[in-house]
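Below: the structure, in structure tokens.
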Amino acid sequence: MTNRKIEYWVIPPETDAEFAANMEEVLETYEKPYNPAIPVLCMDEQPVQLIKEIRTPIEPTLEHGRRVDYEYERAGTANIFMFTEPLSGWREVAVRERKTKIDWAIEMARLLEGRYADCEKVIVVCDNLNTHTKGAFYEAFEPEQARRLVRRIEFCYTPKHGSWLNIAENELSSLTRQCVAGRRIGEIETLREETGAWSTDVNSTQRGVDWQMKIDDARCKLKSVYPKIKS
């Protein structure tokens, strides 16, 4: 039997007007010039398995690399929230125990009342998950505060099967490869420290994201997504 390699891709649907409409809204948002009064904030999230060492690893020597016992202990899960401003080259990681509506709303409120306190509005690019809603703020805060926060958010949802349109997903991928993958992190505080150090380092060395895909490019390269108009 031939062993065939399988490659996994996010494959856009064919002839899907809703996908095309949402895709173009995201692309048009990325084409806007940087406006500090109305910044574009991309956010994404992913769960992480916390893993504890059962035996203390043996530090590397001249003859051997660092040796880690194959046994480990599962220590629950955590959720990483990634926030990034593509045009300013800023990103921040928040780690929480869960990924509920309240967790999301609390992290968003922290940014709206902190980094973005003086901003007229914040355009939030995210997927259409049922936790990423205006109602989430009303589950976390009193109505007066919830309304103050909600009126300053403009959602720009990526289409289903279009997660590649979210720049925060690319940042999450980098974080996973450079900081989390292949490591055993057993405590949520340690995960916070490590991901915080990663974002601090990247913010100090990396400039803004140069997003190349434009609406005209999408209409040319992703023709199968657009419905065929009958004359």
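The values are calculated or read from the model by the stated rules, or taken from the named source; none is laboratory data. Since the structure is predicted, the reported quantities are computational estimates derived from the model, not experimental observations. With ideal geometry, Cβ positions are generated from the backbone for all residues, glycine too; neighbour counts draw on all protein chains shown. Calculation scope for accessible area: heavy atoms of the full protein, side chains included, ligands and nucleic acids excluded. Shrake-Rupley method; radii C 1.70, N 1.55, O 1.52, S 1.80 Å.
Taking the conditions (1) hydrophobic (A, V, I, L, M, F, W, C); (2) touching a residue at least 60 places away in the same chain (Cβ under 8 Å); (3) surrounded by fewer than 20 Cβ atoms within 10 Å (Cβ to Cβ); (4) under 19 Å from GLN46 (Cβ atoms) in turn, ILE123 satisfies each one other than (4).
Output yes when any residue across the range 129-148 is over 21 Å from TYR34 (Cβ atoms), assigned to a strand (DSSP E or B) and either touching a helix residue (DSSP H, G or I) at 6+ places or on another chain (Cβ under 9 Å) or among the charged types (D, E, K, R) (or both), and no when none is.
Within the range 129-148, not a single residue is over 21 Å from TYR34 (Cβ atoms), assigned to a strand (DSSP E or B) and either touching a helix residue (DSSP H, G or I) at 6+ places or on another chain (Cβ under 9 Å) or among the charged types (D, E, K, R) (or both).
Screening ARG91 with (1) assigned to a strand (DSSP E or B); (2) open to solvent by 60 Å² or more (accessible area, probe 1.4 Å); (3) of a type in the set (Lys, Arg) gives one miss only, at (2). Only a single item in (1) modelled with pLDDT under 95; (2) over 20 Å from THR190 (Cα atoms); (3) of a type in the set (Lys, Arg) is not met by ARG98, and it is number (2). Any residue in the range 96-107 that is in a strand (DSSP E or B), open to solvent by 10 Å² or more (accessible area, probe 1.4 Å) and farther than 21 Å from ASN22 by Cβ? Yes, some residue in the range 96-107 is in a strand (DSSP E or B), open to solvent by 10 Å² or more (accessible area, probe 1.4 Å) and farther than 21 Å from ASN22 by Cβ. Of all residues in the range 177-205, those that are open to solvent by 20 Å² or more (accessible area, probe 1.4 Å) have Cβ atoms under 7 Å from Cβ atoms of residues that are among the hydroxyl-bearing types (Ser, Thr, Tyr), 6 or more apart or on another chain, in ARG184/TYR72.
Residues are listed down the side, and each one gets a yes or a no for (1) aliphatic (A, V, I, L, M); (2) modelled with pLDDT under 95; (3) open to solvent by 40 Å² or more (accessible area, probe 1.4 Å):
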residue: TYR8; (1), (2), (3): no, yes, yes
residue: THR15; (1), (2), (3): no, yes, yes
residue: GLU25; (1), (2), (3): no, no, yes
residue: TYR30; (1), (2), (3): no, no, no
residue: CYS42; (1), (2), (3): no, no, no
residue: VAL48; (1), (2), (3): yes, yes, no
residue: ILE58; (1), (2), (3): yes, yes, yes
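For SER224, the criteria (1) hydroxyl-bearing (Ser, Thr, Tyr); (2) closer than 21 Å to MET23 by Cα; (3) in a helix (DSSP H, G or I); (4) without any contact (Cβ under 8 Å) to a residue 40 or more places away in the chain hold in every case but one, which is (4).
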